[in-house]
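FYI, it's all coordinate maths here, none of it is from the lab. Computed from a predicted model, the values in this text were never measured in an experiment. Glycine also receives a Cβ, built like all others from the backbone with ideal geometry; neighbour counts cover every protein chain displayed.
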Amino acid sequence: MQNKTCMGFTLGILGVLFFLGSCGGGNGDGWTELLANGDFETGDLTGWTVAYVPEAAGMISVIAATVSPLNGYRMAGPAGGTFYALSENNESYAGVLFQPFTFPDGDDEVAVSFEMFVLDNSGDGPLDAGEIAYGGVEPNQHVRVDVLSAAAGTFDTGLGVIKNLYLNVDGYEPILPYILYSFDLSPDLESGETYMLRFAQSSNQDYLFMGIDNVSVKSR
């Protein structure tokens, strides 16, 4: 099995490109990892929190398989190592995966990177109803990734969003590759403050799959 090296295509660079050879912990250049279990190599969701809109028909899990557990669709598998996180629905669904982090006092640089694929079985996405929901809204078929304030609600898409990093789908292919996303958050965050990195899925049209691996928030 391959090591935790960076795969996929580089997309969405804001400011300086940040992705330090390793997707894991800190190294000798002064960067400190602020997240726990960003590569999901514990084999579970240790360090992360999952929340669902009530009665959502889907789940977020950590798997090693290349077949989705709910629907049996072929997936790309992990971007590296053994495990990755997968969100999927078998009917209408909305759910989020998030982890808080604190930008340490005295640091002045902070950056986020992750590898992700978003497979939209409907072929109609992205459809954004403006909220993380599936019932009582317009067609809603998308994934979004946000940095939130500490005071934001779990499903907040308004004032609690400090920075939106992704709101889209990647397309509909039999097996989509991972895409690497890297963002410099230094202009947007204040040292000494706590924030939340959130991955969210809304799907009320057809199956939607969000695969996540090698998530990192680092500062120095």
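Its residue count N fixes a reference of 2.2 N^0.38 Å for the chain, and the Cα radius of gyration divided by that reference is 0.96. Taking 0.36 nm per residue of separation and subtracting the Cα-Cα distance, full extension of the segment from TYR73 to SER149 would add 23.9 nm. Projected onto its three principal axes, the C-alpha set of the stretch 143-197 covers 43, 23, 12 Å, listed from the longest axis down.
Per-residue 3J(HN,Hα) values for the stretch 31-45, derived from phi via the Karplus relation 6.51 cos²θ - 1.76 cosθ + 1.60 with θ = phi - 60°, read 6, 10, 6, 9, 9, 10, 6, x, 9, 6, 6, 6, x, 8, 9 Hz in sequence order (x marks Gly and Pro). Within the stretch 86-152, the percentage of alpha carbon pairs spaced more than 14 angstrom apart rounds to 69%.
The gain in end-to-end length when the ASP105 to ASN90 segment is fully stretched comes to 1.0 nm, 0.36 nm per residue minus the alpha carbon separation. The listed peptides 52-64, 198-210, ordered by packing as a protection proxy, come out as 198-210, 52-64 (highest mean of other Cβ atoms within 10 Å first).
Only Cα pairs under 8 Å and 6+ residues apart enter the sum, and on that basis the relative contact order of the chain stands at 33 percent. With a cut-off of 13 Å between beta carbons, the residues surrounding SER149 carry a summed charge of -3, where Lys and Arg count +1 and Asp and Glu -1. The charge dipole of the stretch 9-219, taken about its Cα centre with unit charges on the Cβ atoms of Lys, Arg (+1), Asp and Glu (-1) only, comes to about 320 debye.
Close amide H partners of LYS163, meaning residues 5 or more places away or on another chain with modelled amide H under 5 Å apart, are VAL147. Rounded to the nearest whole Hz, the Karplus-based 3J(HN,Hα) values (6.51 cos²θ - 1.76 cosθ + 1.60, θ = phi - 60°) of the stretch 133-142 follow the sequence 6, 10, x, x, 10, 5, x, 9, 8, 6, with x at glycine and proline. Going from the residue with the fewest nearby Cβ atoms within 10 Å to the one with the most, GLU115, GLU190 rank GLU190, GLU115. Between THR194 and GLU55, the C-beta separation translates, for a Förster distance of 35 Å, into a calculated FRET efficiency of about 0.70.
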